[in-house]
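This report concerns only the one structure given below.
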Amino acid sequence: MYHSVTFGSKNSYTDWHLVPDGRPVIAMPEVKTNYVEVPGLNGVIDLSETLTKYPTYGNRTGDLTFHVLNGYRPWQELYQEIANYVHGKRINLSLEDDPDYYYNGRVSISEWTSNNDGTWSDISFSYELDPYKYAKTEYSSGPVTFNSNSTTYTYTTDQVGRMPVSPTITVSGVGTSGITVVCNNPELGISNRSRKITTNSTFTFYDMLLSKMNTSNNCRLTVSGQGTVTIRFRRGEL
């Protein structure tokens, strides 16, 4: 294992013969906090989760440094190719050590340095990435077909990750009674939040959030009615 990093479709070792100066690790995002000082009160009042009921984060920021292997490409040619492909662009980034997930954000070349005699060079990339890493495979629950008003399906979200997500709900062949979707998520205080769907289309209801911040949470979507339903979302983790 070369502990390589893939930038978009370019692999740091296979395409550019770069070797990291240590095992690549993407920095954790900074936690967004809101503390209120109250005169005469010991400590502070923590309002960090007042609006969301869960922690929120800033972007992940940091650097990745690689040694440039000699004997493959003239340095100026390689430097130009990497700059044209990466510098300042918003791309996906994935680690060989964590193959099931990818990060997304803006990556730039922050430095190219050589030792005194010019026989060895290093290249450093700076990044500013979304706070969560994303599963490469999108989860899909269906399609599931409902034939009558008495047909129901409870969709338990075993594939949900740490990131709260609003699933996309695609409906086709909807009957006269429509499709009803009900969301429950005790973790976020969502109880029997429902929507009636009467047209064939794809919907995202942003007040229906799925999450798995602790192992005991049992968030679920319950679907009933007439039609064919597919529910999709992408897992996100820290």
*Please go through region 41-86 and pick out each residue that is touching a helix residue (DSSP H, G or I) at 6+ places or on another chain (Cβ under 9 Å) and either exposed (fewer than 11 other Cβ atoms within 10 Å of the Cβ) or over 30 Å from Asn185 (Cα atoms) (or both).*
Val68, Tyr72, Arg73
*Just for region 80-110: of the residues that are among the acidic types (Asp, Glu) and in contact (Cβ under 8 Å) with a residue 40 or more places away in the chain, which one is farthest from Gly58 (Cα to Cα)?*
Glu81
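What residue, of Ser224, Ser194, is at pLDDT below 90, polar (S, T, N, Q) and out of contact with any helix residue (DSSP H, G or I) (no Cβ under 9 Å at 6 or more places or on another chain)? Reasoning before the result, please.
Numbers: Ser194 fails: at pLDDT below 90.
On inspection, the qualifying residue turns out to be Ser224.
Just to verify a result, which residue in region 160-187, among those that are more than 23 Å from Gly227 (Cα to Cα) and in contact with a Cys (Cβ under 8 Å, 6 or more places away or on another chain), is surrounded by the fewest Cβ atoms within 10 Å (Cβ to Cβ)?
Applying the filter and picking the extreme gives Pro186.
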*Can you give me the number of residues within region 111-146 that are of a type in the set (Ser, Thr, Tyr) and under 16 Å from Thr61 (Cα atoms)?*
4
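The values are calculated or read from the model by the stated rules, or taken from the named source; none is laboratory data. A quick note: this is a predicted structure, and the numbers were derived from the prediction, not measured. In this analysis, Cβ positions are derived from the backbone assuming ideal geometry, glycine residues included, and neighbour counts consider all displayed protein chains.
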